[in-house]
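Report on the structure given below.
The values are calculated or read from the model by the stated rules, or taken from the named source; none is laboratory data. As the structure is a computational prediction, the values presented were derived from the model and not from experiment. Cβ: placed from backbone, ideal geometry, glycine included. Neighbour counts: every protein chain shown. For accessibility, only protein heavy atoms count, side chains too; no ligands or nucleic acids. Shrake-Rupley method; radii C 1.70, N 1.55, O 1.52, S 1.80 Å.
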Amino acid sequence: MTKLRVIAAQRSTSVSRMLADELSTIVEQAEHYEQAKRAALDALETGFHPGGKPVARDELHER
């Protein structure tokens with residue numbers, strides 16, 4: 001605990017403030033993760049069009 005107090009003093013803050021900041025960071029990262037996860041799952045459901053035009057199977061196998 002002493003080392004923690006020294007680090008807090010070097011940063012001109014309190015141990016409580018450091019803990020509160022760290023917990024806020026953890027919550028923020030969790031929220032960003034959930035947003036990215038939802039966006040990725042939505043993209044999987046809706047799919048995407050890679051561009052180009054459809055090609056008939058026969059055209060693909062012509063030589």
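Restricting the search to the range 18-36, which residues are open to solvent by 90 Å² or more (accessible area, probe 1.4 Å) and farther than 30 Å from Leu4 by Cβ?
Gln35
Being open to solvent by less than 100 Å² (accessible area, probe 1.4 Å), within 21 Å of the chain's Cα centre (by Cα) and of a type in the set (Gly, Ala, Ser) is true for just one of Ala40, Ala9. Which residue is that?
Of Ala40, Ala9, the one residue that is open to solvent by less than 100 Å² (accessible area, probe 1.4 Å), within 21 Å of the chain's Cα centre (by Cα) and of a type in the set (Gly, Ala, Ser) is Ala40.
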